[in-house]
1. If I ask for residues that are assigned to a loop (DSSP other than H, G, I, E, B) and under 36 Å from the mean Cα position of the chain (by Cα), which ones from segment 27-77 would you list?
2. I'm trying to understand the selection: among the residues of segment 1-34, which are of a type in the set (Gly, Ala, Ser) and modelled with pLDDT under 90?
Amino acid sequence: MIFNQIKMYLLGVVAFVVTVFGIYLKGKSAGRQGAENKHMRRRVDAMKQAKDVRDEVESDPDLVRRASEWLRTNDKR
């Protein structure tokens, strides 16, 4: 009879530890996913900014003409 009570308490403690461990792993996974999402947002923002700069530079014909005087046209490597 006393062994049954000990088994029940032990089972409850094991269930509690497994639950806490599962919650810990889920939180760790969510934190990693959040960091990856933040990194991806930064990359997308940088690409958008680079595109905006490139579009602005290419839309200025005078700048393109002046820059073409300094750039190589036939790059033989």
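The values are calculated or read from the model by the stated rules, or taken from the named source; none is laboratory data. It should be emphasised that the depicted structure is a prediction, and the values quoted were computed from it without experimental measurement.
1. Pass one, segment 27-77, residues assigned to a loop (DSSP other than H, G, I, E, B): 59-60, 69-77.
Within segment 27-77, 59, 60 qualify.
2. Of all residues in segment 1-34, those of a type in the set (Gly, Ala, Ser) come to 12, 15, 22, 27, 29-31, 34.
Within segment 1-34, 27, 29, 30, 31, 34 qualify.
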